[in-house]
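None of the figures in this text is laboratory data; all of them are computed from the coordinates on show. Just so we're clear, the structure is a prediction, and the values are computed from it rather than from any experiment. Counting neighbours? That spans all protein chains shown, and the Cβs are built from the backbone with ideal geometry, glycine included.
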Amino acid sequence: TQSLKDAIKETIPVKQEQLKRIKAQHAGTTIGEVKVENVIGGMRGLKAMLWDSSVLDPEKGIRFHGLSIPDCQQQLPAAPGGKEMIAESMLWLLLTGKVPSEAQTRTLSRDLVERGTLPNYVEKLIDSLPATLHPMTQLGMGVAALNHDSLFQAAYEKGIKKSEYWEATLEDCLNLISRLPALAARIYRNVYNPGKAMESLDKNLDLVGNYVRLLGFGDNHSLTEYLRLYIALHGDHEGGNASAHTAHLVGSTLSDPYLSYSAALFALAGPLHGLANQEVLRWQMAMQTEIGSDVTHDRIKEYLWKTLKSGQVVPGYGHGVLRNPDPRFIALQQFCDSKPELQDSPIIQLVKKTYEVAPGVLKEHGKTKNPYPNVDATSGCVLYHYGLTQFKYYTVIFGVSRALGCITQLVWARALGLPLERPKSLSLDAIEKLAKSA
Ligand code: AMX
């Protein structure tokens, strides 16, 4: 069977040719306009970057190389004994544009586990950090430190040809992904279970199977399956989201994948992006405490209004691009519906009930362009139910996942020879002047 590297190698000339054609035929073609609102409004809607692995449709949600989430759930191989798509099959799809075979998925799992041991100096670094340092800060620091072993950086120093950049980048990317479970699990151990012995990697497990094992929940098949789905689903969400865009920007300077992804993680750590993950559950639990056992639509509505009137956002609702319920939210809800034990969970039922009223309240409130849930509205409550109760850790799991999309683009940016990213900025005076003369 074809290896991952060969599958990418085979696609490179095709994509390079397409890019050449676009350049030759359309470099000067206008495909959108720039309004003042784009410049002062966080560049929303501006079509300004190339990202090949996924496209986000405001109504239908994410498509990975054209495949919807249900398509992926149907077509991407699961782990032995599991049903959910896994990180490796999603990674293969994102990198190559093709659905991997079962054998290819297993080979990639084995390759990753063989690369997955954390270097001793990174273990020491992480062990030296105070347990009070946010787990996301620790993750970003650990990933940055892994650049000590960057093959891309070493090869660049030796002066490799531009056409060979992608190969060293791919090696770094696979090493990075493979080491994330050990790094993220070590942070979990140090912060929440100091002194507890950690399991070692199991060569017969997939990436997420090993992650759950290292976290200390290896015997929980339902949690493992949930995290397989969660990590595959959160892998990529086109290029403009803050973490992906950061990885792309930093990578465009020819910084190696470790430094680029470390920067992306610090973007993910913001409350309007990945940290919403931890905020949602904190907020839902505060709601639970306040309304007690009287979980009615009216009481939830009251709590929603209280949040909004205090000037806070409703975490887990709204989106920069989406204008419908996030299909990732739907997929996670379906997972909940398929597990009888989750039907009895008060927090999961509360999240479900909140979804029944929040869009109406947010519409009435009238500010957000998207009154529907994003993926974060539901992702944490399942972790909580299965015993992973430390909210502050949730964004780290997102960080293990988002590497799939970010590193894919780093490989392709090198393969396509994309340039340094450098948009034009304008001062307030310049904007006014340009607008008046337009
Ligand atoms: N609750 C209350 N108000 C909201 C809101 C929400 N969930 N979502 C948006 N709004 C408000 C905005 O704060 C803004 O108010 P302003 O005019 O006073 O500044 C107004 O509605 C218009 O915002 P928008 O165009 O609809 O959203 P945006 O593209 O600027 O921001 C997002 C998108 C996600 C940051 C925003 O919806 C939000 O803050 N949501 C809550 C946090 C959250 O769930 N983040 C996770 C996003 C997904 C992810 O990256 N993991």
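List THR354, THR11 from most exposed to least, where exposure is judged by having the fewest other Cβ atoms within 10 Å.
THR11, THR354
Which value, in debye to the nearest 20, describes the size of the charge dipole of the chain about its Cα centre when Lys and Arg Cβ atoms bear +1, Asp and Glu Cβ atoms bear -1, and nothing else is charged?
920
Charges on Cβ only, +1 for Lys and Arg, -1 for Asp and Glu, centred on the Cα centroid of the chain; of LEU95, LEU223, GLN334, which one is farthest towards the dipole's positive end?
Projecting each Cα onto the dipole axis, the largest value belongs to LEU95.
Sort 139-148, 373-382, 70-79 for me by packing, meaning the mean count of neighbouring Cβ atoms within 10 Å per residue, highest on top.
373-382, 139-148, 70-79
Is the C-alpha gyration tensor of region 100-232 telling us rounded, prolate or oblate? Criteria: a/c under 1.5 is rounded; beyond that, a/b larger than b/c is prolate, otherwise oblate.
Oblate is the answer for region 100-232, as a/c is 1.5 or above yet b/c matches or exceeds a/b.
Would you mind getting the Kirkwood hydrodynamic radius of region 261-319 from its Cα pairs, rounded to one decimal in Å?
12.7
From the phi of every residue in region 50-61, what ³J(HN,Hα) in whole Hz does the Karplus formula 6.51 cos²θ - 1.76 cosθ + 1.60 yield, where θ is phi - 60° and glycine or proline is x?
Per-residue couplings from phi come out as 8, 8, 9, 7, 8, 10, 9, 8, x, 8, 8, x Hz.
Using DSSP to define loop residues, name the GluC sites (Glu not before Pro) in region 6-50 whose beta-carbon has at most 13 other beta-carbon atoms within 10 Å.
Qualifying residues, ordered by number: GLU33.
Using the Karplus equation 6.51 cos²θ - 1.76 cosθ + 1.60 (θ = phi - 60°), what ³J(HN,Hα) coupling, rounded to whole Hz, does each residue of region 155-172 give in order, writing x for Gly and Pro?
Here the 3J(HN,Hα) series is 5, 5, 4, 6, x, 5, 6, 4, 5, 9, 3, 4, 5, 5, 5, 4, 4, 4 Hz.
Defining a contact as two alpha carbons under 8 Å apart and six or more residues distant in sequence, what relative contact order in percent does the chain show?
22
For region 100-125 and region 209-230, what is the separation of their C-alpha centers, rounded to whole Å?
Each part's Cα centre sits 16 Å from the other's.
Can you compute 3J(HN,Hα) from phi for each residue in region 387-397, using the Karplus curve 6.51 cos²θ - 1.76 cosθ + 1.60 with θ = phi - 60°, rounded to whole Hz and x for Gly and Pro?
x, 8, 9, 8, 3, 4, 8, 4, 5, 4, 5
Which of the peptides 53-62, 92-101, 256-265 is most tightly packed, and how do the rest follow, going by the mean number of other Cβ atoms within 10 Å of each residue?
256-265, 92-101, 53-62
Would you please name the trypsin sites (Lys or Arg not before Pro) within region 148-218 that are DSSP coil residues with at most 15 other C-beta atoms within 10 Å of their C-beta?
LYS161, LYS196, LYS203
Please go through region 366-438 and write out the trypsin sites (Lys or Arg not before Pro) that DSSP classes as loop and that have at most 16 other C-beta atoms within 10 Å.
LYS367, LYS369, LYS424
Among VAL280, GLN16, LEU174, flag the residue with its Cα farthest along the positive direction of the charge dipole of the chain, charges on Cβ as +1 for Lys/Arg and -1 for Asp/Glu.
Going by the Cα projections, it comes out as GLN16.
Scan around SER54 for amide H atoms under 5 Å from its own, H built in the peptide plane at 1.01 Å from N, and keep only partners 5 or more places away or cross-chain.
HIS65, GLU238
Arrange LEU229, LEU388 by Cβ neighbour counts within 10 Å, fewest through most, would you?
LEU388, LEU229
What does the helix-only formula give at 222 nm for the chain: each DSSP H stretch with n ≥ 4 adding -39500 (n - 2.57), the total divided by the residues, and the result rounded to the nearest 500 deg cm²/dmol?
Calculated from helices alone, the mean residue ellipticity at 222 nm is -19000 deg cm²/dmol.
With a/c under 1.5 counting as rounded, go ahead and sort region 276-385 into rounded, prolate or oblate using the C-alpha gyration tensor (a ≥ b ≥ c being the square roots of the eigenvalues; past the cut-off, prolate if a/b is larger than b/c, else oblate).
oblate
By how many nm would the segment from GLU114 to GLN18 grow when fully extended, if each residue of separation counts as 0.36 nm and the alpha-carbon distance is taken off?
Contour length minus Cα-Cα distance gives 31.0 nm.
Shape of the chain from its Cα gyration tensor (a ≥ b ≥ c, root eigenvalues): rounded if a/c is under 1.5, otherwise prolate when a/b > b/c, or oblate?
It is oblate, given that a/c is not under 1.5 and a/b is not larger than b/c.
Could you work out the relative contact order of region 276-385, using alpha carbon pairs under 8 angstrom and six or more residues apart, expressed as a whole percent?
The value is 42 percent.
Just report the Cα centroid separation between region 395-422 and region 1-61, whole Å.
14
Once you keep just the Cα pairs under 8 angstrom separated by 6 or more residues, what percentage relative contact order results for region 139-269?
The normalised contact order for region 139-269 reaches 33 percent.
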